[in-house]
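The values are calculated or read from the model by the stated rules, or taken from the named source; none is laboratory data. Note that the structure is predicted; figures quoted are calculated from it, not measured. Every residue, glycine among them, receives a Cβ derived from its backbone with ideal geometry; neighbour counts consider all protein chains shown. The area values use the complete protein model at the heavy-atom level, side chains included, leaving out ligands, DNA and RNA. Shrake-Rupley method; radii C 1.70, N 1.55, O 1.52, S 1.80 Å.
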Amino acid sequence: MRTRDDWQRLARAIEPRHQVFIDGSFADAADGASFDTVNPANGLVLASVARGGAVDVDRAVAAARRAFASGAWSRSAPAHRKAVLLRLADLIRSNADELALLDTLDGGKLIGDTSTVDVPGSAAILQWYAEAVDKQYGEVAPTAPGDLAIITREPLGVVGAVVPWNYPLEMAIWKLAPALAAGNSVVLKPAEESPLSALRLAELAVEAGLPDGVLNVVPGLGEEAGQALGRHPDVDAIAFTGSTAVGKLFLRYAGESNMKQVWIEAGGKSANLVFADAADLDHVADKAVFGIFGCSGQVCSANSRLLVEESIADDLLERIRVRAADLRVGDPLDPASTMGPIITAKQLERVLGYIEAGRAESGLAFGGRRLHEASGGYYVEPTAFRDVPTTAVIEREEVFGPLLAVSTFREESEAVARANASEYGLAASVFTDSLSRARRVASALRAGTVSVNTVDALDVTVPFGGVGQSGFGRDLSLHALDKFTALKTTWFAGPAAG
Ligand code: NAP
Ligand code: MG
C-alpha cells in the first residue's frame, strides 16, 4: 500500500492544467483574469486558474453549438459514442493516481477515498452509460391501423453543467456521462474550490476521441461563469448540483433568458431513524458514523439528523462516540487519515458557527473544537449534539460539515413526523429488524432515497435526487437520460384510401 511519502512524491510530479478548455484547446481567460485554488489541508495556494467570464462562456457555448450542429458526435452511431466513452473510462483508470491526487489536493478529500471510490466510481459510471446507450430503443405508438407514429429520443443540444466541490470528478461525471452518451455537447463549470480534475478530464476526453467542442470546461466564479451559463440564450439545459439557494438562482436565470430546462440536485437534512427493534447496534453505529462524518460531513445526503428511540438512545450514542473518537482527523494525503479537512476557511467558520449555535440550543455530546490549526488546514472534530429541539438551527439548516444532531422519540409516528418536518427531502434512513415497520416507515418518509438498515444507498443502477427544496430531476440510472433528451413524435400518415 502507498504511504504518504509515496503520494507526496507523485503529487510533486503533477502539473495541473489551469486554463479554460474550449473547442479542444487550453487558453487563458479572454480578459486574462485568474483566481487561486487552495489546498484545504494547509491553506496554501495550489494553482492559479483562469477565471472564465461571460466572454469565455460565450466562446464555449459557440464551440459546443458548432460541434452539435456538425453531427460529428450528436448524429454519430450510438455504438461509436459507446466506443469513445469506454476509451475515456479506460483513460480515467490509467490516469487514476493523478485524478485522485488532484481531487485530494484541491478538495481536501481523503486519498483513500479519491483513489478507491471517486475515481474508479467515475470510470464505472461512465462505462455504464457508454454500455447503455446502444441498447436504448424508441417506441411505436398504438395508433389506428395505417398510421405510423414513432417516438424517438433526441439530444437537446448544448447542456451547461454546474457542479460543487465535494466530489469534484464524480459530480462532473454524473452530469457528463448521460449528457454525452445521449449525443449532447456540454459546457462544464466546475466549482471554484476544485476545478483541476475537470480540466484534466477534458483533455483526456479529446484523447479518447471526443470531437473538439463537444466537451468544454470553463473554470471561474459562480456569479460570473456560472451566471453567464445560466443566462446564455443558446444553452438548452442546465444540470446543476449545489445549494438550494443557487439552484433557485438558476431557475430565475432560465426564466429571465430563454426558458432553458433546469435540473437541480440541491441540499439536504437527511434523517436517520433508529428503532429499538434494530438488534445490531454496532452496525447502526458504524453506519451512522459513516453517514455524517464521511467526507467530513460535506455530503448532500449526509445523515445529519439522528432520531433514536428513547430506550436505546444512551447506548447507541455511546457507541457512536467511541467510533467518532477513533476517527483520525488529519492530512488527506496520509492513507491513515480517516477524516480530512473542511473545504475552505469560510466554510470552517460556518461550521464552527453552527457548533456555537448547537451549544446554545442543545447539549454537546462530543467534539466541537477546531483541530491542527498550526497546519494551516481547516480541520474540525467530529461533533454531535443531543436533545436537539425541533426548532434548533442545527435541526433545520444544512451544515455541510461533521455535525450530528441527535434527538429521541417514543412513537413511530412522532419519528416520521419529525423526519418529514424539513424543507428538504433528499434522503432518509431507517434501522429496524421489523419488515412491516421498514415498509411502513419507508413509504411514509418524504425523500428521494430511503435506505433501510444502511445509509446513503447509492449506485449507478438507481436514481438519485430529491423532493421539496432538495431539487428535482434524477442523476444516475437510465432515468438520468430523461434530463438530456427530448421525446420526439414523428407521425407518418397512413396511405390514402383507394
Ligand atoms: P453552491 O455554492 O451552490 O455552488 C455550486 C455551483 O454553483 C458551483 O460551481 C458554484 O460556483 C456555482 N455558483 C455559485 N453561485 C452561483 C451564482 N450566483 N450563479 C451561478 N452559479 C453559481 O454549492 P457548493 O457550496 O459548491 O456545494 C455544497 C452544496 O451542494 C450543498 O448545499 C450540498 O447539499 C449540495 N450538493 C448536492 C448534491 C446532490 O446531489 N443533491 C451533491 C453534492 C452537493 P463557485 O464554486 O464559484 O461558487
Ligand atoms: Mg481547492
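Taking the criterion of being acidic (Asp, Glu) and either part of a strand (DSSP E or B) or under 30 Å from THR241 (Cα atoms) (or both), the residues of the range 134-155 that qualify are ASP134, GLU139, GLU154.
For the range 358-432, the strands (runs of 3 or more DSSP E) that sit wholly inside it and include 1 or more residues that are of a type in the set (A, V, I, L, M, F, W, C) and under 14 Å from GLU309 (Cα atoms) are 403-409, 427-431. Among the residues of the range 60-76, what is the count of those that are assigned to a helix (DSSP H, G or I) and either surrounded by 15 or more Cβ atoms within 10 Å (Cβ to Cβ) or of a type in the set (D, E, K, R) (or both)? Going through the range 60-76 one residue at a time, the tally reaches 10.
Would you mind stating whether ARG328 is surrounded by fewer than 20 Cβ atoms within 10 Å (Cβ to Cβ), out of contact with any strand residue (DSSP E or B) (no Cβ under 8 Å at 6 or more places or on another chain), in the same structural domain as VAL430 (by TED's automatic domain parsing) and without any contact (Cβ under 8 Å) to a residue 60 or more places away in the chain? No: the conditions fail for ARG328. Of the residues making up the range 471-494, those that are open to solvent by 30 Å² or more (accessible area, probe 1.4 Å) and out of contact with any strand residue (DSSP E or B) (no Cβ under 8 Å at 6 or more places or on another chain) are LEU478, HIS479, ASP482, ALA493. Quick one: would you say GLY209 is surrounded by fewer than 22 Cβ atoms within 10 Å (Cβ to Cβ) and on the phi > 0 side of the Ramachandran plot? Yes: the conditions hold for GLY209. Taking the numbered list (1) free of Cβ contacts under 8 Å to residues at least 24 places away in the same chain; (2) near ligand 1 (Cβ under 9 Å from one of its atoms) in turn, THR241 passes all entries but (1). The residues of the range 292-325 that are of a type in the set (Lys, Arg) and surrounded by 23 or more Cβ atoms within 10 Å (Cβ to Cβ) amount to a single one, ARG305. Hey, does the range 138-157 have a residue that's farther than 29 Å from THR489 by Cα and more than 16 Å from ligand 2 (Cβ to nearest atom)? Scanning the range 138-157, I find no residue that is farther than 29 Å from THR489 by Cα and more than 16 Å from ligand 2 (Cβ to nearest atom), so the answer is no. Just give me the residues in the range 439-470 being over 19 Å from the mean Cα position of the chain (by Cα) and open to solvent by 10 Å² or more (accessible area, probe 1.4 Å), in sequence order. Residues satisfying the conditions are ARG439, ARG440, ALA442, SER443, ALA444, LEU445, ARG446, VAL452, ASN453, THR454. One residue alone among LEU476, LEU404 is modelled with pLDDT of 95 or more and in the same structural domain as VAL246 (by TED's automatic domain parsing), and that residue is LEU476. Identification of strands (runs of 3 or more DSSP E) wholly contained in the range 156-217 with 3 or more residues that are free of Cβ contacts under 8 Å to residues at least 24 places away in the same chain yields no element. When ALA13, ALA27, ALA41 are checked against the criterion of being of a type in the set (A, V, I, L, M), open to solvent by 60 Å² or more (accessible area, probe 1.4 Å) and either away from ligand 1 (no atom under 16 Å from the Cβ) or farther than 27 Å from GLN347 by Cβ (or both), ALA13 stands alone in meeting it.
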